[in-house]
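Below is one structure; the comments refer to it alone.
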Number of protein chains: 2
Amino acid sequence: MQDQRTSPHPAGGENLLFLTDDQLRRGIEAMFFAYRGFTADPDRILENYAYGRAHHRAIHFINRSPGTTVSNLLDVLGVTKQSLNRVLRTLIEDGLVESRVGTRDKRERHLYLTEEGRALERDLSEAQRRRMRAAYRAAGPEAVAGFRLVLEQMMDPQMRAWFNALKDGGS
Amino acid sequence: MQDQRTSPHPAGGENLLFLTDDQLRRGIEAMFFAYRGFTADPDRILENYAYGRAHHRAIHFINRSPGTTVSNLLDVLGVTKQSLNRVLRTLIEDGLVESRVGTRDKRERHLYLTEEGRALERDLSEAQRRRMRAAYRAAGPEAVAGFRLVLEQMMDPQMRAWFNALKDGGS
DNA sequence: CTTGGAAAGTCAACAAGGCTGACTTAATAT
DNA sequence: ATATTAAGTCAGCCTTGTTGACTTTCCAAG
């Protein structure tokens, strides 16, 4: 099962054992199982509402960038307008999200969480943070730095750009 | 100080800045965007077939544990029998998976990839490994160790058990 | 001032892939 | 003998994704 082809032996002087197909496959499986854990807690909360993961994602990014436009959200979430619209409509109808017509450009809709929306967001993200906190604490700061580094390298360039744009807040 | 059990690292020094809500939220967003990248390449390949992510997962774990039973796969994938069956049936019909009646217990079906199944598996996993390899290489071995540590801590205990069982091959 | 095009929203239809519930068949275990 | 277990099936439902066609609103350029 081991494939030495991909990473022979210390090529120059580097130890490249962490690049064997076996190591990579372990990483793939770790991502699979970890992502299941990652979404488990919010999913449990959402069961009590008539919402799903799609609603969670919308709520998360609206909270992160209050006043963001629909088309911006479309890009970040990577779904179609029709798909997002269905989710957004129920959130607006239920009074969790407010959609304000743009002042500079009145075609645009700027999205904000209402107080009720923020309450659900806090619930969901606190559950997710709790697990993250436990994992970070158990792994330690060095591991966390590595975790973040690898994840960032796994993103497509476009996603990395959005990810880094979020760093400094703003829509 | 009372936390020494949970966090081996910053016992006395107490640099816990990596546990701020802001840091945790960054980790959450990193997981979201990275997982999109993680699934993007296999998804592109699967478009050419009439298969989806569910088929990929089944193929992956059958390849990992040749001869695994249906109920074992059910546990690992975390879906219902009906859901898995739909996927498995098409894979068997299409000749990618072989289902053999158990010898010890004839109620069980043991699953194996055919040569054609292994070919698709190689395609899919090579695409996924390519991205993983690039990320690992760019991040370096220290980061990879941290990455794996944090991911493992994010899993539910049950998943961690399956994850570690896979380490030593076979079902 | 008209017109082209962008942003947003809507309707309809469809598919993948989850789910529950009810039920059968075969084989093992008690 | 009977109960339990593994697998499979049928029917129906939901969420969340997709296309395609279309409208409304509005900005901006000719």
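Of the residues making up the range B:55-82, those that are open to solvent by less than 40 Å² (accessible area, probe 1.4 Å) and small (Gly, Ala, Ser) are B:ALA58, B:SER65, B:GLY67. Does A:ASP75 qualify as being within 16 Å of DNA strand D (Cβ to nearest atom) and charged (D, E, K, R)? Taking the combined requirement at face value, the residue satisfies it. Within the range B:62-108, being among the hydrophobic types (A, V, I, L, M, F, W, C), out of contact with any strand residue (DSSP E or B) (no Cβ under 7 Å at 6 or more places or on another chain) and within 17 Å of B:LEU120 (Cα to Cα) holds for one residue alone: B:VAL87.
Just one of the listed residues (A:ARG100, A:ARG104) is more than 26 Å from B:MET31 (Cα to Cα) and touching a Gly at 6+ places or on another chain (Cβ under 9 Å), and it is A:ARG100. Of the residues making up the range B:130-171, those that are open to solvent by 40 Å² or more (accessible area, probe 1.4 Å), of a type outside the set (Asp, Glu), over 21 Å from A:ASP41 (Cβ atoms) and without any contact (Cβ under 8 Å) to a residue 40 or more places away in the chain are B:ALA134, B:ARG137, B:ALA138, B:PRO141, B:ALA145, B:ARG148, B:ASN164, B:ALA165, B:LYS167. Being modelled with pLDDT of 95 or more and of a type in the set (Phe, Trp, Tyr) is not true of A:TYR49. For the range B:40-54, filtering for residues that are open to solvent by 30 Å² or more (accessible area, probe 1.4 Å), farther than 14 Å from B:LEU88 by Cβ and within 12 Å of DNA strand C (Cβ to nearest atom) leaves 5. In summary, A:GLY37 fulfils each of the numbered conditions (1) within 12 Å of DNA strand D (Cβ to nearest atom); (2) within 30 Å of B:ASN164 (Cβ to Cβ) with the single exception of condition (1). Any residue that is in contact with a Phe, Trp or Tyr (Cβ under 8 Å, 6 or more places away or on another chain), among the hydrophobic types (A, V, I, L, M, F, W, C) and within 13 Å of DNA strand C (Cβ to nearest atom) - is there at least one of those in the range B:143-156? No: zero hits.
Taking the range B:112-129 as the range and being within 14 Å of B:ALA54 (Cβ to Cβ) and open to solvent by 40 Å² or more (accessible area, probe 1.4 Å) as the test, no residue passes.
Checking each residue in the range A:83-99 for being open to solvent by less than 50 Å² (accessible area, probe 1.4 Å), away from DNA strand C (no atom under 12 Å from the Cβ) and not aliphatic (A, V, I, L, M) picks out only A:GLY95.
Could you look through the range B:100-111, keep only residues that are over 18 Å from B:LYS81 (Cα atoms) and of a type outside the set (Gly, Ala, Ser), and pick out the one that is most open to solvent (accessible area, probe 1.4 Å)? The residue in question is B:ARG104.
The values are calculated or read from the model by the stated rules, or taken from the named source; none is laboratory data. Note that this is a predicted model, so its numbers are computed, not measured. Cβ: placed from backbone, ideal geometry, glycine included. Neighbour counts: every protein chain shown. Side chains included, ligands, DNA and RNA excluded: accessible areas come from the protein's heavy atoms. Shrake-Rupley method; radii C 1.70, N 1.55, O 1.52, S 1.80 Å.
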